[in-house]
Amino acid sequence: MKLIAGNWKMFKGPRETREFCAAFSTPAGVDAVLCPPFVSLPAAVESGHTVFAQNVHWADDGAFTGEISAPMLLELGVSGAIVGHSERRQYFGETDETVARRTVAALRHGLRVIACVGESLEERESGQMDLVLRLQVETIADVAGAEEGLAIAYEPVWAIGTGQTATPEQAREVHAFIKSLLDVPVLYGGSVKPDNAEELLSQEGVDGALVGGASLDVESFTAICQAAAT
Ligand code: 13P
């Protein structure tokens, strides 16, 4: 079954979350996950949908202002977390090492994890893509291994929020490369929309999608989930 995760980023407080959740139902044959901001997690969990956080810290508790731990998420009924999103790496100093620490701590607590990797345009064009992806994936693989509950999201940075997707061939190629380093489900992310979802999701090695902008609207997120179910 394909995993379709909606990463809402910093959109939708509790009220809008309740509205979305009431209008959304997961199509049969797909594992649909909603990833709202931290403050909206209780509202989303109460709706009965499967809910992931957008980040999680490696410690159970401690002096880490602004962070949230795995036991706290579990107490709310949250099922998993995204870690290492490129926006966290780009704007908040997340590194391969911190991503790996977050991943392994979350898995040990029984949370599912979507760990994000992806190259920038500059890295792709200068021929460093394989090296960057290898480092990102192997740092996670070294500590977590191909553990149950772990998925990688391949999100080329140049495709996020740009309307530009990887071609099906590019996605197939990179997904195969990632799987050769760490044999877990690999999701594609970066401008996934209802009109390109089916083609991307039908590629070998594309085990689901991590959807940003198009996950904010019930109809478009439902359409993407339906494309995954066919
Ligand atoms: P978009 O689907 O808006 O390009 O965002 C992708 C993403 O970053 C999902 O995590």
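Just so it is clear, none of the values below were taken in a lab; they were calculated from the coordinates. Just so it is clear, the model here is predicted, and its values are computed rather than measured. Cβ atoms come from the backbone with ideal geometry, glycine included; neighbour counts cover every protein chain shown.
Worth pointing out:
- Count of residues meeting criterion [of a type in the set (Gly, Ala, Ser) and farther than 21 Å from Val113 by Cα] in segment 215-230: 4
- When segment 82-106 is filtered for residues that are away from the ligand (no atom under 15 Å from the Cβ) and touching a strand residue (DSSP E or B) at 6+ places or on another chain (Cβ under 6 Å), the ones remaining, listed by number, are Arg102, Thr103, Ala106.
- Taking first residues from segment 190-211 that are among the polar types (S, T, N, Q) and partners that are part of a helix (DSSP H, G or I), the Cβ contacts under 6 Å between residues at least 6 apart in sequence or on separate chains come to Ser191/Ala159; Gln203/Pro168; Gln203/Ala171; Gln203/Arg172.
- Leu73 falls short of the stated requirement of being surrounded by fewer than 18 Cβ atoms within 10 Å (Cβ to Cβ) and not in a loop (DSSP other than H, G, I, E, B).
- Total residues in segment 40-64, condition of a type outside the set (S, T, N, Q), part of a loop (DSSP other than H, G, I, E, B) and within 13 Å of Thr17 (Cα to Cα): 2
- When residues of segment 110-159 are limited to those that are more than 16 Å from the ligand (Cβ to nearest atom) and among the hydroxyl-bearing types (Ser, Thr, Tyr), the one surrounded by the most Cβ atoms within 10 Å (Cβ to Cβ): Thr139
- Residues that are surrounded by fewer than 18 Cβ atoms within 10 Å (Cβ to Cβ) and in contact with a strand residue (DSSP E or B) (Cβ under 9 Å, 6 or more places away or on another chain) within segment 182-204 comprise just one, Lys193.
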